[in-house]
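Worksheet for the structure shown next.
The values are calculated or read from the model by the stated rules, or taken from the named source; none is laboratory data. Quick caveat, the model's predicted, so the values are computed rather than measured. Every residue, glycine as well, gets a Cβ built from its backbone with ideal geometry; the counts of neighbours run over all protein chains shown. For accessibility, only protein heavy atoms count, side chains too; no ligands or nucleic acids. Shrake-Rupley method; radii C 1.70, N 1.55, O 1.52, S 1.80 Å.
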Amino acid sequence: MDLLGNSQHSPRRKIFFENREDALAKLLNNLPLNFFLKEDCVVVGISFAGVYFAHKLAQTIKAPLAVLFTASIYAPNNPECEIAMATETKDVAINDSLVESFGISLDYVYGEVERQYDDKMLPLIYQHRKGNPLMSFKNKHVLLVDEGIDSGITAFASIKSMVTLQAKTIYCATPVAPLEVAKAIEETIDGVFCLYKLKDFVDVGYYYRDYTEIPVSTIEKIFTQIQ
């Protein structure tokens, strides 16, 4: 379901957002906030960068905030080639074309899911949630939030986790995404709120004038406010 329309990107660079605050304000202005205020909704940040957006959105609609931890899986002989994304529920989204072209076995991928859980995600769960599992999403309306979508692999892995956790409905909110990826996500969940869906997508940071890294202290402070 296409909920916010579609904008095309010209060959010349187009700045859509001055900074994250500008992107967040524009996204909030285009979300059906009354819908989420009335529903039993949980806002879920699906990346560390997306936690800032998710936190502000959760405050606006007075909804609980959760963070789903994820970890990238890379090709065995290329540590820069991302072939899959795993979540803390051990769900995984796989780039099938890369896995097939490199001849990578699914045993390797699922072995890496377990390793990434033990080495990366479990320490984060203990650090930020004191080892507690995610809150219950059963029969909840879930809004997945990120500051932008590139390949969509994180979003798809997160959607699988929400299905595993028995969410009633799943929505996704983000300022910018590739057109084809946004369409694929729309076909998978109940709705996508995206300001700019671009045919000739470059990367998320390309559309922000100021895309400096969010201070770790800011993210840490948000985590202390999550129940």
Dipole of the chain [Lys/Arg +1, Asp/Glu -1 at C-beta], most positive-end residue of T87, C172, L57:
L57
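Based on the alpha-carbon gyration tensor of segment 117-227 and its eigenvalue square roots a ≥ b ≥ c, which shape applies: rounded if a/c is under 1.5, prolate if not and a/b is larger than b/c, or oblate?
Values: a/c = 2.09, a/b = 1.23, b/c = 1.70.
Because a/c hits 1.5 or more and a/b fails to exceed b/c, segment 117-227 counts as oblate.
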Cα-based Lys pair tally, segment 80-220, threshold under 18 Å, eight or more apart or on separate chains
12
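K120: net charge of surrounding residues, Cβ under 13 Å, Lys/Arg +1, Asp/Glu -1, itself excluded? Walk me through the numbers before you get to the answer.
Working: positive: K90, R115; negative: E88, E112, E114, D118, D119.
Result for the local shell: -3.
Excluding P178 itself, what net charge comes from residues whose Cβ is under 11 Å from its Cβ, given Lys and Arg +1 and Asp and Glu -1? If you can, show how the numbers build up before the last one.
Numbers: positive: K183, K197, K199; negative: D150, E180, D200, D203.
After counting each charged neighbour, the total is -1.
Within the P(r) computed for segment 101-177, what percentage of the Cα pairs occupies the region above 20 Å?
Values: 1471 of 2926 pairs.
I get 50 percent for the Cα pairs in segment 101-177 exceeding 20 Å.
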Theoretical ellipticity at 222 nm over the chain - DSSP helices of four or more residues, -39500 (n - 2.57) apiece, nearest 500
-10500 deg cm²/dmol
With θ set to phi - 60°, apply the Karplus curve 6.51 cos²θ - 1.76 cosθ + 1.60 along segment 180-190 and write out the HN-Hα couplings as whole Hz, x wherever there is a Gly or Pro.
5, 5, 4, 4, 5, 5, 4, 6, 9, 10, 7
Of the candidates F156, F201, N139, the farthest towards the positive dipole end of segment 74-227 (Lys/Arg Cβ +1, Asp/Glu Cβ -1, centred on the Cα centre) is N139
The chain - charge dipole about Cα centre, Lys and Arg +1 at Cβ, Asp and Glu -1, debye rounded to 20
840
Counting only protein heavy atoms with a 1.4 Å probe and every protein chain in place, the carbon and sulfur fraction of the accessible surface of segment 90-211 in whole percent equals 49
P(r) histogram, all alpha-carbon pairs of segment 10-88 included - 5 Å bins from 0, percent
3, 13, 16, 17, 14, 15, 12, 7, 3, 0
Less than 12 Å Cβ to Cβ from L24, Lys/Arg counted +1 and Asp/Glu -1: what total charge do the surrounding residues give?
-2
Segment 135-190 pair-distance distribution - Cα-Cα, 5 Å bins, rounded %
4, 20, 34, 23, 12, 6, 1
Using Cα centres only, tell me the gap between segment 171-225 and segment 105-132 in whole Å.
24
Rounded to the nearest whole Å², what accessible area per residue is found for the chain with the 1.4 Å probe?
50
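What's the ranking of 21-32, 138-149 by average number of surrounding C-beta atoms within 10 Å, highest first?
Details: 21-32: 16.5, 138-149: 22.8.
So the order, starting with the most tightly packed, is 138-149, 21-32.
Under the classification rounded if a/c is under 1.5, otherwise prolate if a/b is larger than b/c and oblate if not, where does segment 16-169 fall, given a ≥ b ≥ c as square roots of the Cα gyration tensor eigenvalues?
Values: a/c = 2.05, a/b = 1.59, b/c = 1.29.
Cα axes put segment 16-169 in the prolate bin.
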